[in-house]
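Below is one structure, written out as structure tokens; the observations come after it.
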Amino acid sequence: MEKQVISSQQNKFIKHIKALQNKKNRKIHGQFVIEGIRIIEECFLHGVPVDYILYTEEVENLQGGSRVLKQAVENYKSYEVAKSLFDSLSDTETPQGIMAVVNIQGHSLEILNMKEDTFFIVLDRIQDPGNMGTIIRTAEAAGADAIILTKGCVDPYSGKVIRATMGALFHIPIIEVKENEVWIEMLKRNDVKLIASDLNTGYEYTKVDYTGKIAIIIGNEANGIDQNLLPYVDLSIKIPILGKIESLNASTAAAILIYKAVEHKL
């Protein structure tokens, strides 16, 4: 029997993946697309629900490709696609020949575990995909318990964000909230100290006690923290700028503050 290879743009799986390239459709379907050997392997390891997988025969020629493809074919609905069609779907400059449609896990504030050393990261209107992905990766590496995204943040399930996380989004709860009052009330009710990165304070980040329940708030790249949040913040801190630039990249600032907190929590 001749092997069936998808080659039509009108195939239902192809049309579905094209639809998921749009944020609105990702929300409607509760799904997003991941691409590449390493992140798909991370998906398998973490048991993320996979709808289906598309691949080309070229993936077997790449390091780790035959191993991941074997797992895909044995455990999930998997379909071979013509290389030219796959490349037209790919969101990367050098496609590796494998992509998967996976379900958004959809965490909510109710899943937060308020233990004695709870450690959350709040991202306030972070809009650059690279910054978002890098912060998620850093937060997961540092053992943060969850990431809260305010309204106005870039979609965490866009291709650029996913690639920058290097699979970290499968290992840490990501909670999107529409109203600031909701997450603020939840954290305040549970005695979580809100620590905001803010250049307009004189209090340096090295002078802070990060023990206990804390949430570090990282503001928008251009405008910093939403001024409407400041009345609810327990402490505003800054990273001193010793050179001539005005500020640090948001993901760099986040990494410094996150690991300063880890120093106190170890």
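The values are calculated or read from the model by the stated rules, or taken from the named source; none is laboratory data. Just so we're clear, the structure is a prediction, and the values are computed from it rather than from any experiment. Here the Cβ positions follow ideal geometry from the backbone for every residue, glycine too, while neighbour counts run over all protein chains shown.
Listing for the model above:
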{"quantity": "Some residue of the stretch 53-71 being of a type in the set (A, V, I, L, M), out of contact with any Phe, Trp or Tyr (no Cβ under 7 Å at 6 or more places or on another chain) and part of a loop (DSSP other than H, G, I, E, B)", "calculated": "yes"}
{"quantity": "Index of the failed condition, Thr138 passing every other in (1) crowded, with 23+ Cβ neighbours inside 10 Å; (2) under 15 Å from Ala168 (Cα atoms)", "calculated": "(1)"}
{"quantity": "In the stretch 1-40, residue surrounded by the fewest Cβ atoms within 10 Å (Cβ to Cβ) [restricted to those that are without any contact (Cβ under 8 Å) to a residue 60 or more places away in the chain and within 21 Å of the chain's Cα centre (by Cα)]", "calculated": "Lys24"}
{"quantity": "Residue in the stretch 143-158 that is buried (at least 16 other Cβ atoms within 10 Å of the Cβ), out of contact with any strand residue (DSSP E or B) (no Cβ under 7 Å at 6 or more places or on another chain), of a type outside the set (Val, Ile, Thr) and touching a residue at least 12 places away in the same chain (Cβ under 8 Å) present", "calculated": "yes"}
{"quantity": "Residue identified as surrounded by 18 or more Cβ atoms within 10 Å (Cβ to Cβ) and either more than 24 Å from the chain's Cα centre (by Cα) or of a type outside the set (A, V, I, L, M, F, W, C) (or both) among Glu176, Glu181", "calculated": "Glu176"}
{"quantity": "Residue in the stretch 188-204 that is modelled with the lowest pLDDT, counting only those that are touching a helix residue (DSSP H, G or I) at 6+ places or on another chain (Cβ under 9 Å) and not in a loop (DSSP other than H, G, I, E, B)", "calculated": "Ser197"}
{"quantity": "In the stretch 84-114, the residues that are hydroxyl-bearing (Ser, Thr, Tyr) and closer than 20 Å to Glu176 by Cβ", "calculated": "Ser108"}
{"quantity": "Looking only at the stretch 51-81, and only at residues there that are among the aliphatic types (A, V, I, L, M) and surrounded by fewer than 20 Cβ atoms within 10 Å (Cβ to Cβ), the one that is farthest from Gln105 (Cα to Cα)", "calculated": "Leu62"}
{"quantity": "Qualifying residue in the stretch 176-184 (condition: at positive phi and acidic (Asp, Glu))", "calculated": "no"}
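For every residue, the table says whether it meets (1) outside any helix (DSSP H, G or I); (2) in contact with a Pro (Cβ under 8 Å, 6 or more places away or on another chain); (3) on the phi < 0 side of the Ramachandran plot; (4) crowded, with 18+ Cβ neighbours inside 10 Å.
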{"site": "Ser88", "(1), (2), (3), (4)": "no, no, yes, no"}
{"site": "Thr94", "(1), (2), (3), (4)": "yes, no, yes, no"}
{"site": "His107", "(1), (2), (3), (4)": "yes, yes, yes, no"}
{"site": "Lys115", "(1), (2), (3), (4)": "yes, no, yes, no"}
{"site": "Asn131", "(1), (2), (3), (4)": "no, no, yes, yes"}
